[in-house]
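The structure under discussion appears below in the form of structure tokens.
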Amino acid sequence: MAQGALFDEPAQQGIVALGPEARVLRGFALPWVDRLLAALAEVERAAPPRHMLTPGGLAMSVANTNCGALGWVSDRRGYRYSATDPQSGQPWPAMPAAFAELALAAAAAAGFADYAPDACLINHYRPGTRLSLHQDKDERDHRAPIVSVSLGMPAVFLFGGLARADKALRVPLQHGDVVVWGGVDRLRFHGVLPLKELPHPLLGAERINLTLRQAG
Ligand code: SIN
Ligand code: FE2
């Protein structure tokens, strides 16, 4: 299936359509990278990444943390959003301006106006780390899109359908790519294949994904 030619709209350079309201914006985050990484270091001094437990009691393969008014957490009680970091008992670090600016610009470029993300989940992947197929549905309102920023090592993003068994597109993502999905595509299953060891000049053997959401 030729991606980019799936939907009834003129192909734009650097933009790949994964669905009627889902886009990959190739390299969109590159102009923001220096600011993103500086802000990220500050966020993670206050809220270091950790392997949260799944409701089944296993440590997640990705290490994560959050910034913004709300943070996504997982433990034996389940998945939910919390205003505080369970590890420190403190509010999550504020959403850095660079994160919010990039998210707004990416949402707009994908056709979503008036985006106001209040949560950013920060995922750290190492070689072998994977993220199994899931839907993002812990947010209160499913109208706003998800904005997902890839940094560091490349990965293969799986973008499936509204049912877990639907065939998933395999979308290679590079440093600086941004994926935006909302509207009719908002609840599509997605995940990440186990990462290969392909170290990145800036981040070494690591991939960092920023997932911005309007959660509250
Ligand atoms: C996620 O679904 O939370 C992250 C997706 C990614 O790492 O690209
Ligand atoms: Fe997700």
### Task
Would you be able to tell me the number of residues in the stretch 71-104 that are in a strand (DSSP E or B) and of a type in the set (A, V, I, L, M)?
1
#### Entry: Complete set of residues in the stretch 189-216 that are among the charged types (D, E, K, R), more than 16 Å from ligand 2 (Cβ to nearest atom) and in contact with a Phe, Trp or Tyr (Cβ under 8 Å, 6 or more places away or on another chain)
GLU206
### Query
Residue check: is PRO96 in contact with a helix residue (DSSP H, G or I) (Cβ under 9 Å, 6 or more places away or on another chain), in contact (Cβ under 8 Å) with a residue 24 or more places away in the chain and either crowded, with 18+ Cβ neighbours inside 10 Å or more than 29 Å from GLN13 (Cβ to Cβ) (or both)?
yes
### Summary
Counted residues in the stretch 150-164 being among the hydrophobic types (A, V, I, L, M, F, W, C), open to solvent by 10 Å² or more (accessible area, probe 1.4 Å) and part of a loop (DSSP other than H, G, I, E, B) come to 2
#### Entry: So LYS167, is it surrounded by fewer than 21 Cβ atoms within 10 Å (Cβ to Cβ) and free of Cβ contacts under 8 Å to residues at least 40 places away in the same chain
yes
### Message
Checking ASP118 against (1) farther than 30 Å from PRO199 by Cβ; (2) touching a Pro at 6+ places or on another chain (Cβ under 9 Å); (3) touching a residue at least 60 places away in the same chain (Cβ under 8 Å): exactly one of these is not met. Which one?
### Response
(2)
### Message
I'd like the full set of residues that are under 18 Å from GLY128 (Cβ atoms) and either in contact with a Ser or Thr (Cβ under 6 Å, 6 or more places away or on another chain) or among the aromatic types (Phe, Trp, Tyr) (or both), limited to the stretch 170-203.
### Response
LEU173, GLY191, LEU195
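So, LYS167, is that one more than 16 Å from ligand 2 (Cβ to nearest atom), farther than 22 Å from ARG126 by Cα and part of a loop (DSSP other than H, G, I, E, B) or not?
It is true that LYS167 is more than 16 Å from ligand 2 (Cβ to nearest atom), farther than 22 Å from ARG126 by Cα and part of a loop (DSSP other than H, G, I, E, B).
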### Query
Are any of the residues in the stretch 139-149 touching a strand residue (DSSP E or B) at 6+ places or on another chain (Cβ under 6 Å), more than 20 Å from ARG23 (Cα to Cα), at pLDDT below 95 and part of a loop (DSSP other than H, G, I, E, B)?
yes
### Message
Name the residue that is surrounded by the fewest Cβ atoms within 10 Å (Cβ to Cβ), counting only residues in the stretch 176-193 that are assigned to a loop (DSSP other than H, G, I, E, B) and more than 12 Å from ligand 1 (Cβ to nearest atom).
### Response
LEU187
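Answer yes if at least one residue in the stretch 138-155 is without any contact (Cβ under 8 Å) to a residue 40 or more places away in the chain, more than 14 Å from ligand 1 (Cβ to nearest atom) and basic (Lys, Arg), and no otherwise.
Kept after step one, since they are without any contact (Cβ under 8 Å) to a residue 40 or more places away in the chain, are these residues of the stretch 138-155: none.
Among the residues of the stretch 138-155, not one is without any contact (Cβ under 8 Å) to a residue 40 or more places away in the chain, more than 14 Å from ligand 1 (Cβ to nearest atom) and basic (Lys, Arg), which makes the answer no.
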### Task
Sort through LEU121, LEU133, LEU210 and tell me the only one that's open to solvent by less than 10 Å² (accessible area, probe 1.4 Å), within 12 Å of ligand 1 (Cβ to nearest atom) and not in a loop (DSSP other than H, G, I, E, B).
LEU210
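The values are calculated or read from the model by the stated rules, or taken from the named source; none is laboratory data. Source: prediction; values computed, not measured. Please note: Cβ atoms are built from the backbone with ideal geometry, for glycine as well, and neighbour counts cover all protein chains shown. Just the protein is used for accessible areas: all its heavy atoms, side chains included, with ligands, DNA and RNA removed. Shrake-Rupley method; radii C 1.70, N 1.55, O 1.52, S 1.80 Å.
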